[in-house]
1. Ranked highest first by average number of other Cβ atoms within 10 Å, how do 140-147, 111-118 line up?
2. Would you mind calculating the relative contact order of the stretch 44-109 from Cα pairs under 8 angstrom and at least 6 residues apart, reporting the percent as a whole number?
3. How big is D, in µm² s⁻¹, for the chain by Stokes-Einstein at 25 °C and 0.890 mPa s if Rh is the Kirkwood radius over C-alpha pairs?
4. Just the number, please: carbon plus sulfur as a percent of the accessible area of the chain, 1.4 Å probe, no ligands or DNA/RNA counted.
5. So what is the accessible area of the chain per residue, in Å², with the probe set to 1.4 Å?
6. Stretched out fully, how many nm does the piece from residue 115 to residue 61 gain, at 0.36 nm a residue minus the Cα gap?
7. Give the residue from 169, 101, 90 lying farthest towards the positive end of the charge dipole for the chain; charges sit on Cβ (+1 for Lys and Arg, -1 for Asp and Glu) and the dipole is referred to the Cα centre.
8. If the elastic network links every pair of Cα atoms under 10 Å, which of 189, 152, 51 fluctuates the most in the Gaussian network model of the chain?
Amino acid sequence: MKMKWQDIDVSHDRMCFLYDGKPIFNKRFIEVLKFHAPGLAPVQDKTGWYHIDIMGNPIYAKRYLKAFGYYFNRGAVVDEAGWLHLKDNGKPAYKERYLWCGNYQEGFCTVRNHDNKYFHIDLQGNRLYKRNFNYVGDFKEGVACVRLDTGHYVHINKQGRKLNDGVFYDLGVFHKGYATARDTKGWFHINRRGQELYKLRFQSIEPFYNGFALVVTFDGQKLIINEAGELILKI
């Protein structure tokens, strides 16, 4: 039976790969990270970091200071010139170098330039919008959280425009139409229009999971609430 990359595991010591619980490639590394589509994994040996294919062969000759997993057929790497992404043939996806870059999510990626400002790029390395932010998070459900110069957070779309009029002290990504948000009184949940789902505020909250969310009150109680903010269960 042909080995599938989805079935290859990382060993407990993170120094080799396992298939059916047994080491493969007949080699141990300094460190390995898991395989991602299209079947490539980052590894480190005495020569540096690079990516290997499902047969354990390097897909390029160059070595990097650090390499990360592939997402949307783009793998983040670091060399002396900075951070960038590689295509799945090992060639650079664009010419720019950054102080940091993330992993592609929904076909877009967060990067930090040499002025320590953040923005998003597409798979070809093109900026999605002209504006820079103090911080940007990954896109989810077509929306990303960004930090303004004021220190507040807002949601933006792929054109870099505000999704709604909501401005918050902290903010989470959308999950099935709802996001976590924090104002002067605490944490709560909002809809895509930036509107609160209920009047209650909490010390901390989690996203809704199949209609219910774990929250922590200011006196430390853990509760389960529904999407209307109603108490369902005390834990």
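1. Result, highest mean Cβ count within 10 Å first: 140-147, 111-118.
2. Worked out over the stretch 44-109, it gives 22 percent.
3. 122 µm²/s
4. 51 percent
5. Value for the chain: 55 Å² per residue.
6. Extra length available between residue 115 and residue 61 comes to 16.3 nm.
7. Of the options given, the answer is 90.
8. 152
The values are calculated or read from the model by the stated rules, or taken from the named source; none is laboratory data. Nothing here was measured: the structure is a model prediction, and the numbers come from that model. Cβ: placed from backbone, ideal geometry, glycine included. Neighbour counts: every protein chain shown. All accessible areas refer to the heavy atoms of the entire protein, side chains included, with ligands and DNA or RNA removed. Shrake-Rupley method; radii C 1.70, N 1.55, O 1.52, S 1.80 Å.
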